[in-house]
Amino acid sequence: MYKGKRVLGLIPARGGSKGLPHKNIRPMAGKPLIAWTIEAVLASKLLDRAVVNTDDEEIAGVARDFGAEIPFMRPADLAGDATPMIDVVSHAIEILRNAGDSYDYLALFEPTSPLRKAGDIDNAIMKMIDAEEGADGIVSVGEVHLEHPSIMKQVVNDRVRPYAVEAASVTRRQDLGVIYFPYGVIYMIKTDRLLETRSFYQEKTIPYFIERWQNYEVDDIYDFVCIEAIMRQKIKEVTL
């Protein structure tokens, strides 16, 4: 709890990944991928409760081995490739509320974004709640570098063309405006606003800036290999 506000931490981890099968429990730098997020969340001093949300018994077993709480299993109809995350989150909030356990804020931590610095979670929580009157949510963002959309291309009729026509004359990344990509280090929002709008992005969403080396998330084996190499390089900053 921070300033009298209750915060629920939720780690979503479904079992049906197709890009990289079983990625949530695939060993990374000596422990299952999901374990890095579980340990970071359990180290928080400001989360009131942390729950892993999964439909998969194998993931649930691994999560419990690392100290995670799994008060209920995610139903199969909320574990499909096309299932919106808001449906998963709303279902979890509803189950807990029906059990008499409600929270002012919901903080979502994606296990596919394991590159969290020690302190990231609590620092983001404090920034969010300190700005309570001027913010409804906070999202971790990293600056886009080589893949800036203004210098991306598309292929039309077998010809390479600018993707953003208005930026066709720009050839140097340094001449472009700074933009950011959201990563799953943390998404945090006022629970009532989340349920009302069904979105993590509000008019008053503020940024939590992460460092360049944290700008990765696991989607396929290439991401996994890169993140594991970074994890080994930055292990002292990641471990608590």
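The numbers here are math on the coordinates, done by the rules we state, and not lab data. Worth saying up front: this structure is predicted, and the values here are computed from it rather than measured. Neighbour counts are summed over all protein chains in view; Cβ atoms, including those assigned to glycine, are modelled from backbone coordinates with ideal geometry.
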Candidate lysines - alpha carbon under 18 Å from residue 45, same-chain residues fewer than 8 apart omitted | 3, 5, 117, 127
If the cut-off is 17 Å between C-alpha atoms, which lysines fall inside it for residue 23, apart from same-chain ones fewer than 8 positions away?
-> 31
Least to most buried among 105, 180, 201, 216, by other C-beta atoms within 10 Å and fewest first, runs 201, 180, 216, 105
Using every pair of alpha-carbon atoms in the chain, split the distances into 5 Å bins beginning at 0 and state the percent of pairs per bin, rounded to integers.
-> 1, 6, 13, 16, 18, 17, 12, 8, 5, 3, 1, 0
What list of ³J(HN,Hα) values in whole Hz, one per residue of the range 38-46 in order, does the Karplus curve 6.51 cos²θ - 1.76 cosθ + 1.60 (θ = phi - 60°) give from phi, with Gly and Pro shown as x?
-> 4, 5, 5, 5, 5, 7, 5, 8, 10
In nanometres, the difference between 0.36 nm per residue of separation and the alpha-carbon distance of residue 64 and residue 233 is 58.1 nm
Most to least packed among 83-96, 224-237 [average Cβ atoms within 10 Å] | 83-96, 224-237
How much length, in nm to one decimal, is gained on full extension between residue 73 and residue 97, taken as 0.36 nm per residue of separation minus their Cα-Cα distance?
-> 7.1 nm
Taking the Cα centre of the chain as origin, sum charge times position over the Cβ atoms of Lys and Arg (+1) and Asp and Glu (-1), and report the length of that vector in debye to the nearest 20.
-> 580 debye
Spin-label proximity, residue 123 to the range 206-222 - amide N less than 19 Å from point 7 Å beyond Cα toward beta carbon = 206-217
Using Cα pairs under 8 angstrom and six or more residues apart, how large is the relative contact order of the chain, in percent?
-> 24 percent
Gap in Å between the Cα centre of the range 79-118 and the Cα centre of the range 22-69?
-> 13 Å
Work out the FRET efficiency for residue 18 and residue 86 from their Cβ-Cβ distance, taking R0 = 25 Å, and round it to the nearest 0.05.
-> 0.75
Roughly what would the spin-label model give for residue 132 and residue 219, points 7 Å off Cα along C-beta, in nm?
-> 3.8 nm
